[in-house]
Amino acid sequence: MKRRRYILLLVALLMLTVQLRAQQGPEATNGIKFFKGTFSEALAQAKQENKLLFVDFYAVWCVPCKKMAKTVFTQEEVGKYFNEHFICLQLDAEKGENVDIAKNYKVVAYPTVAFIAPDGKALSVNTGAMDKDELMEAAKIAAGESVSFEELYNKYKADNNDLDVQQQLLLKAPSFLQAQEGMDADKWVTRLQKLYKNYVAAKAPLKLINENDYRIILTLEGDEDKEHKQYMIDLMNDRLDDWMKALGKAPAYYIVEANDIFAEDMAKDGNDKYKEYVEKVKNQYAKAYEVVGLTGITPYEKAKLYFDALFNLYKNKDVNGYVKAMETYFSKMENNLRSADYGKAAQNLYMAAGKSLKAKDHEVAIKWAEKALAQEDAVMDRVNYMVMIGDSYRELKNYGKAREYYNQAFAETLRLENMEMPQAMLQGAIKQKLSTLELLEK
């Protein structure tokens, strides 16, 4: 009997081992073999072996980082190339000394991968998740096996009419720019923005409709030059059927997001030109807004309700009108609502009216923020909503409830144990609010 139990246990353990190996994938044998040690030790190893250093800057909460580690770094082709050409290191960019290292290489989002020379100089810094082909291309450029950004720029200067060279140059621009510093960075931004606009003009409208050019538009079309962004979304909208045939719904969402941002900025500035953007929802951009897929309310009704309410609040400080309009908005949106909709509504009350809010307004803000909190899982947003509720209770002189929510917010920050900088900043701000509360209670 004991022997039978032992055999069954052994079989179960073997099955578990197989399952774990299947879940882990081929990383242990076929993927990238990452250096076990610190950044300085990895850099020393790179010097010793006369190799470049590849660094994967990640955060433990970053889902794209985990996906890239599981689906890209584990591939045999990737592992073979990287293990041969680089010393490879993974750094939790929000832990200990890694925070300063990440800051030195201008890591501002995750994932970010960097190729670094043995003397510590960044050759390229790439922000955002990459697939196998993108990562391999970046690696081959760093290793000198593919055309570098500088070589492409020289080709462009020799023949500034070659659109293929320009496309390659603009695709490589984001990672190149991130590795630049000071005046060099400013100089290259100016050059590349001019090149980008000329490139778009030369290929518009039909030759731009492809995956690579859409990627260029997403990364280089900033919000600073609103006139050019308006030109870009109109260009897409005029040929939206062609864009969606080539790339699916993404270009339509791009138009919707850009138009909504224009309308919101105008409404918050108290500029009644926001109405022009609202009208575009049912006229010029109607086809793009169809992709949003609302139920029970049209995109135009949604936009008009929301942006009219926002304009009235920021322009006229009409809190009562805003509250009434937003309650109508919430009732008509029903199943389309997200937690962020309630959170934004409450936050706009604070931002537009601030100290002029009355007791009944704070009660509304609390109700909205609590609805947002009940549906929200993201720690940072939960902390924000808890602090907002605490602030309203403080203004209502209900110091006990204010303290309760501030303490809840502080406890929530403990879930950010691997995000040391954001955690410290949030905890410092909450402690300050608690200290102010003590003074008010005396």
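Just flag the trypsin sites (Lys or Arg not before Pro) in the range 381-436 sitting in loop per DSSP whose Cβ has no more than 14 other Cβ atoms within 10 Å.
Working: sites: 382, 394, 397, 401, 403, 415, 431, 433; in loops: 397.
Those that pass, being in a loop and sparsely packed, are 397.
Amide H to amide H distances under 5 Å link residue 91 with 56, 57, 58, where only residues 5 or more positions off or on other chains count and H is placed in the peptide plane. Taking θ as phi - 60° and the Karplus parameters 6.51, -1.76 and 1.60, the scalar couplings of the range 424-441 work out to 5, 5, 5, 5, x, 5, 5, 4, 5, 5, 5, 5, 4, 4, 4, 5, 5, 6 Hz in sequence order, x denoting glycine and proline. Calculated mean residue ellipticity at 222 nm for the chain: -22000 deg cm²/dmol, from DSSP H runs with n ≥ 4 weighted as -39500 (n - 2.57), summed, divided by the residue count and rounded to 500.
In this structure the amide hydrogen of residue 124, modeled in the peptide plane, comes within under 5 Å of the amide hydrogens of 115, none closer than 5 places in sequence on its chain. Computed from the C-beta positions of residue 194 and residue 435 and an R0 of 60 Å, the FRET efficiency is 0.75 to the nearest 0.05.
Each residue of the range 89-105 is assigned a 3J(HN,Hα), and the resulting list reads 9, 10, 10, 6, 6, 10, 10, x, 5, 5, 4, 5, 5, 4, 5, 4, 9 Hz, derived from the Karplus form 6.51 cos²θ - 1.76 cosθ + 1.60 (θ = phi - 60°), x at Gly and Pro.
For the range 195-238, the set of GluC sites (Glu not before Pro) satisfying both a DSSP loop assignment and a count of at most 11 other C-beta atoms within 10 Å is given as 224. Rounded to the nearest Hz, the phi-derived 3J(HN,Hα) couplings of the range 114-126 under the Karplus curve 6.51 cos²θ - 1.76 cosθ + 1.60 (θ = phi - 60°) are 10, 10, 10, 5, x, 8, x, 7, 6, 8, 7, 10, 10, where x marks glycine and proline. Give me the percent of DSSP beta bridges within the chain that run antiparallel, rounded to the nearest 5. If we restrict to bridges inside the chain, about 60 percent are antiparallel. For the range 114-161, lysine pairs separated by 8 or more sequence positions, or belonging to different chains, with Cα-Cα distances below 24 Å total 4. Relative to one another, the C-alpha centroids of the range 82-129 and the range 224-277 are positioned 35 Å apart.
Ignoring any ligand, DNA or RNA, what whole percent of the accessible area of the chain comes from carbon and sulfur when the probe is 1.4 angstrom?
Of the solvent-accessible surface of the chain, carbon and sulfur hold 51 percent.
Along its principal axes, the range 382-421 has C-alpha extents of 35, 14, 14 angstrom, given from the largest down. Ligands, DNA and RNA are left out, and with a 1.4 angstrom probe the accessible area of the range 332-374 is 49 Å² per residue.
Measure up 103/203; 268/442; 226/344 against 29 Å on the Cα-Cα distance and list the ones that go over. Working shown, then result.
Details: 103/203 37 Å; 268/442 38 Å; 226/344 24 Å.
Too far apart for the 29 Å limit: 103/203; 268/442.
Among the GluC sites (Glu not before Pro) found in the range 355-422, those both in a DSSP coil and sparsely packed, with 14 or fewer other Cβ atoms within 10 Å of their Cβ, are 417.
Over the range 212-343, the hull volume per residue, using the convex hull of the C-alpha atoms, is 114 Å³.
Left without a cysteine partner by the 4.7 Å Cβ rule in the chain: 88.
Across the chain, C-alpha contacts under 8 Å between residues 6 or more apart give a mean separation that, scaled by the residue count, equals a relative contact order of 9 percent. Coordinate range of the alpha-carbon atoms in the chain per principal axis, descending: 75, 68, 52 Å.
Quick one: of the DSSP bridges fully inside the range 49-155, what percent are antiparallel, nearest 5?
Values: 10 of 17 bridges.
Roughly 60 percent of the DSSP beta bridges within the range 49-155 come out antiparallel.
Candidates 48, 345, 286 compared by Cα position along the dipole of the chain: farthest toward the positive end lies 345, with charges placed on Cβ. Spacing of the modelled spin labels on residue 360 and residue 230, each 7 Å from Cα toward Cβ, amounts to 4.0 nm. Each peptide in 56-63, 333-340 gets a packing score, the mean of other Cβ atoms within 10 Å over its residues, and the list from highest to lowest is 56-63, 333-340.
What do you get for Rg/Rh of the range 323-368 when both radii come from the Cα atoms and Rh is the Kirkwood radius? Working shown, then result.
Working: Rg = 10.7 Å, Rh = 11.0 Å.
Looking at the range 323-368, the ratio lands at 0.98.
Against the empirical 2.2 N^0.38 Å (N residues), the range 316-442 has a Cα radius of gyration ratio of 1.08.
Here the range 30-153 is treated as an ellipsoid with the same Cα gyration tensor; its semi-axes, largest first and in whole Å, are 19, 17, 15.
The values are calculated or read from the model by the stated rules, or taken from the named source; none is laboratory data. The structure presented is a predicted model; accordingly, all values stated were derived computationally and were not measured. With ideal geometry, Cβ positions are generated from the backbone for all residues, glycine too; neighbour counts draw on all protein chains shown. Surface accessibility is based on the protein's heavy atoms, side chains included, excluding ligands, DNA and RNA. Shrake-Rupley method; radii C 1.70, N 1.55, O 1.52, S 1.80 Å.
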